[in-house]
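Notes follow the structure.
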Amino acid sequence: MKQCTHADALPHPEPEPLSESCPECLRDGTDPVQLRLCLSCGHVGCCDSSPGRHATEHHKESGHPVMRTFEPGETWRWCFVDHVLV
């Protein structure tokens, strides 16, 4: 089973969210479907089901590997590099 090779390098505690919603969606006038929190820097971006796919775009631009869900009641994390739940 494939595992994330980046989880051990994540900051503790995790960074504070830089916003409460996806700033790119707010700028573009679109609605995010679900939000993700970058565990390297605290950027909040929308999921791939959203029009802008800003969480994935953040990963591509920054190289930050792991994001977690920023939805109430959810706790999962995703590694974009290893393509696996953390």
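Summary of values
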read-out: Matching residues in segment 75-86 - criterion: being out of contact with any helix residue (DSSP H, G or I) (no Cβ under 6 Å at 6 or more places or on another chain) and open to solvent by 50 Å² or more (accessible area, probe 1.4 Å); value: 75, 76, 77, 78, 81, 83, 85
read-out: Given (1) closer than 16 Å to residue 7 by Cβ; (2) among the basic types (Lys, Arg); (3) out of contact with any Leu (no Cβ under 7 Å at 6 or more places or on another chain), index of the condition residue 60 fails; value: (1)
read-out: Filter pass, residue 75 being of a type in the set (Ser, Thr, Tyr) and touching a Gly at 6+ places or on another chain (Cβ under 7 Å); value: no
read-out: Residue match in segment 34-49 (condition: modelled with pLDDT under 95 and part of a loop (DSSP other than H, G, I, E, B)); value: no
read-out: Of the criteria (1) under 20 Å from residue 86 (Cβ atoms); (2) in a loop (DSSP other than H, G, I, E, B), which one residue 60 fails; value: (2)
read-out: Checking residue 18 against (1) of a type outside the set (D, E, K, R); (2) modelled with pLDDT of 95 or more; (3) surrounded by 14 or more Cβ atoms within 10 Å (Cβ to Cβ); (4) in contact with a strand residue (DSSP E or B) (Cβ under 7 Å, 6 or more places away or on another chain), the condition it does not meet; value: (3)
read-out: Selection count, segment 50-74, where residues are closer than 13 Å to residue 15 by Cα and open to solvent by 70 Å² or more (accessible area, probe 1.4 Å); value: 0
read-out: Which listed residue is open to solvent by less than 20 Å² (accessible area, probe 1.4 Å), without any contact (Cβ under 8 Å) to a residue 24 or more places away in the chain and farther than 22 Å from residue 2 by Cα, from 47, 25; value: 47
read-out: Residues being open to solvent by less than 40 Å² (accessible area, probe 1.4 Å) and assigned to a loop (DSSP other than H, G, I, E, B) - total across segment 1-15; value: 3
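The values are calculated or read from the model by the stated rules, or taken from the named source; none is laboratory data. Predicted, not measured: the structure shown is a model, and the values here were computed from it. Methodologically, a virtual Cβ is constructed for each residue, glycine included, from the backbone with ideal geometry; neighbour enumeration extends over all protein chains shown. The accessibility values were calculated without ligands, DNA or RNA, using every heavy atom of the protein model including side chains. Shrake-Rupley method; radii C 1.70, N 1.55, O 1.52, S 1.80 Å.
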